[in-house]
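What follows is one structure encoded as structure tokens, with my remarks underneath.
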Amino acid sequence: MTAQCPKTLVLRLWPELTWTHVGGGERRPQHRPMHEADAWLLRHLWPELAPLTLGAGALAVASFVNFRTGAQLKQAIESAEEGRSSAARSLLLFGLGALAGCVRTISFDSTSERLRASMAVEVFAARLLEEPQVSSDASGASQNKASVASMESDVALCADFILKLQNLVRYASSIVGGTVTMFRASWKLSAAVWPLLVTGALHGARAGAKRSAKSAEALAATREEASAFAEERLQHLDLVRWFCRAEEEAQQFGKLCDASVAIASRSARVRGASHLVLDWAAKSVLLGLASLGSQLVARGELTAGELTSYFFHASFLGLGLYGLVGLMPEVAVGRAAARRLESVVAAGRRKEAADSPSLSKPPAPLPLSFEDVHFRYSEAEVLSGFSLQLAAGETCALVGLSGCGKTSALRLLLRDFETSSGKITLGGQLLQMLDLAHVRTLISVFPVAPQTPALLGTSVASAIAFGASGEASKEQIEAASKAASAHDFVKCRPQGYETPVGRGGELMSGGERQRLALARALIREAPILLLDEPTSGLDAATASALAQAVLSPRPSRPTTLIATHSLALIRSCETVAVVSGGRVVQRGSFSELITDSSGHLAQIMRSGELEET
Ligand SMILES: Nc1ncnc2c1ncn2[C@@H]1O[C@H](COP(=O)(O)OP(=O)(O)OP(=O)(O)O)[C@@H](O)[C@H]1O
């Protein structure tokens, strides 16, 4: 037999102990195997092993003192004349019990919050690394993104169930203590009833655990849908108010909640029925025991006092078994929550080859190319045979009718999605072969999606510095801000660069947010710059100042690809690529392309799709 470390052994035994090999997860196919979730739980539990062991030990001591309490009281009554020495012993024992209770509370309660925090931090960190997924089905997309509320509730469930495991010590000591004392009181009665009680309890625990895990999965899926709905509405509260949709949205939320109410009611009915059966069976066993016991008393094989004492001790066994039956469903529910969290963590792990090559350090601008790229979100292809080459430092406007795939092409460069076929290269290296984190350091971006720029940071300065590769100096922040035509309006604010931007930038106007988001992209000084409609909504003077600052020739100018409908920007770029039918159909300088009156660019201009700014 090969030697196993205690951690591996526990992992192997755990499913057997808790009987939760449930299929479950039918509604959430992305769920990973249960043993991965157990390993994840154990990884969080491992650093807490010392306080948890201390707490469990203290609990065992407190349980022992509880067992002894009756005997101490009896002794106090029977040996009143011995007086002080017996009382002192009892007081010492009670003191030990109280101390053990205190140690148990401190150990478990402080562990609880640490466990919760360590799980929450890991899940949050994983969510930050989550990549978007192509999904033609909206429900599928939302299933992949656990809502914050459901993640919080899963973290709380996990931390709770781990702490509830302390009750195993309590129940185990009740079962062992009860068994020993009841066999000592009457082995005949015990031999008749013990196997029945224990087998019944184990079956009850097993069935309860399986059922609870399944209903917890279904409940979590419906709650998830409701909380994702609520989060989305609360995030866009303005829309709800302006379109007077409060009542309708509340009703819709109510319908989603009804689904979880139905599942919970069904599971409550099943639990109620099994309680009824268990209760009736337990009382029937008691009745049988009472009748058997009275026959033994009648035959003189047992005294009435011994029979009473037997029932007293048997009640310990009953309480222990009853507790165990109740605990197993909670364990199953906790493990199901751990499985959901582990799948979130797994989704956030970067799938990178260990030896992914990196390009030499920026900031030298890099050439980029698309070669016969095909890409689809669902059935219809968005890009079909898309080819485009940009020399290092070139500025190119990507032009086309709305929905032709400009943003999608930029997102492929960011590796938000993978191509169906074709090649994308950066600096001559195949994009898919480069380390994903490295790709992101090579590219700076002005919101590609979602297109309304959000700002993250407490102040203007920190919102701009968010884009920097490392620490950003005051001078760098101001330089980026000037290049993005933001410096003048920032300086007019009493707090200057310390002006708060609010949540997501809500304290800034649309145009201000736009310019700060551009400053955030420029401060990165990456070799490639991707801009998606950077001037939409800006006035003509600001838009042309911005175009001048970003596109003017300079040695360190990044290779710049701009998806735009702005004529001012298109004219300022060195080259233009016109997209139609998922491919580049016209390529050259603006002046060259516009001379072809039947060409694609001229047609787009005639259609009124392009704007002056
Ligand atoms: N995440 C997504 N999932 C599914 N389909 C998408 C997704 N993003 C975009 N699409 C679809 O892909 C097509 C191309 O969209 P894309 O945003 O690339 O166009 P665009 O040329 O940038 O449009 P616009 O000029 O209006 O910004 C559209 O039909 C759009 O509905």
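Beyond 29 Å between alpha-carbons counts as too far, so tell me which of LYS423/LYS482; LYS214/LYS255; LYS188/LYS283; LYS406/LYS491; LYS188/LYS210 fall in that bin. Pairs exceeding 29 Å: LYS423/LYS482; LYS406/LYS491; LYS188/LYS210.
Estimated at 0.36 nm per residue, the fully extended path between SER265 and GLN389 surpasses their Cα-Cα distance by 38.5 nm. Just the C-alpha atoms of the chain: what Rg/Rh do they give, with Rh taken as the Kirkwood radius? Across the chain, the Cα-based Rg/Rh ratio is 1.15. Across the range 230-245, coupling constants 3J(HN,Hα) worked out from phi with the 6.51/-1.76/1.60 Karplus curve, θ = phi - 60°, read 5, 4, 5, 5, 5, 5, 10, 4, 4, 4, 4, 5, 5, 9, 6, 9 Hz, and Gly and Pro carry x. Packing, taken as the mean count of other beta carbons within 10 Å per residue, orders the peptides 311-324, 261-274, 212-225 from highest to lowest as 212-225, 311-324, 261-274. Couplings 3J(HN,Hα) for the range 297-311, derived from phi with the Karplus relation 6.51 cos²θ - 1.76 cosθ + 1.60 (θ = phi - 60°), are 5, 4, 7, x, 8, 8, 8, 4, x, 5, 5, 4, 4, 4, 4 Hz, where x marks Gly and Pro.
Remind me, relative contact order of the chain in percent, using alpha carbon pairs under 8 angstrom and six or more residues apart?
15 percent
Here the Karplus curve 6.51 cos²θ - 1.76 cosθ + 1.60, taken at θ = phi - 60°, turns the phi angles of the range 586-593 into couplings of 8, 8, x, 7, 4, 5, 5, 5 Hz, with x standing for Gly and Pro.
Based on the inverse mean of 1/r over its pairs of different Cα atoms, what is the Kirkwood hydrodynamic radius of the range 368-606, in Å?
Evaluated over the range 368-606, this radius sits at 18.3 Å.
Annotation: amide H-H contacts under 5 Å for SER566 (H modelled 1.01 Å from N, sequence separation of 5 or more, or interchain): GLU611.
Taking other C-beta atoms within 10 angstrom as a stand-in for reagent exposure, PHE229, PHE243, PHE108 fall in the order PHE243, PHE229, PHE108, fewest first.
The packing ranking of peptides 420-432, 526-538, highest mean first, is 526-538, 420-432, where packing means the average number of other beta carbon atoms within 10 angstrom of each residue. List the residues of the range 477-504 whose backbone N lies under 14 Å from a point placed 7 Å from the Cα of THR458 along the Cα-to-Cβ direction. Within reach of a label on THR458: 498-503.
Amide hydrogen proximity for GLY588: with H placed 1.01 Å from N in the peptide plane, the residues at 5 or more positions away or on another chain lying under 5 Å are VAL576.
Working from Cα pairs under 8 Å separated by at least six residues, relative contact order for the range 455-613 is 20 percent. Here the peptides 375-388, 510-523, 472-485, 572-585 are ranked by packing, the mean other Cβ count within 10 Å, and the order with the highest first is 510-523, 572-585, 472-485, 375-388. When +1 charges are put on Lys and Arg Cβ atoms and -1 charges on Asp and Glu Cβ atoms, the dipole computed for the chain relative to its Cα centre reaches about 1960 debye. Taking label points 7 Å from Cα along the Cα-to-Cβ direction, VAL240 and ALA39 give a separation of 4.1 nm.
Amide H contacts for LEU366 (H built 1.01 Å from N in the peptide plane; partners 5 or more residues away or on another chain; cut-off under 5 Å): GLY393, THR559. When +1 charges are put on Lys and Arg Cβ atoms and -1 charges on Asp and Glu Cβ atoms, the dipole computed for the range 368-606 relative to its Cα centre reaches about 220 debye.
Computed from the Cα positions only, the extents of the range 102-254 along the three principal axes stand at 77, 33, 32 Å, in decreasing order. Seen against the Cα atoms of the chain and their longest principal axis, helix 34-45 is set at about 80 degrees.
Just so you know, all these numbers are worked out from the coordinates, no wet-lab data involved. Everything quoted here is computed from the prediction, not taken from an experiment. Counting neighbours? That spans all protein chains shown, and the Cβs are built from the backbone with ideal geometry, glycine included.
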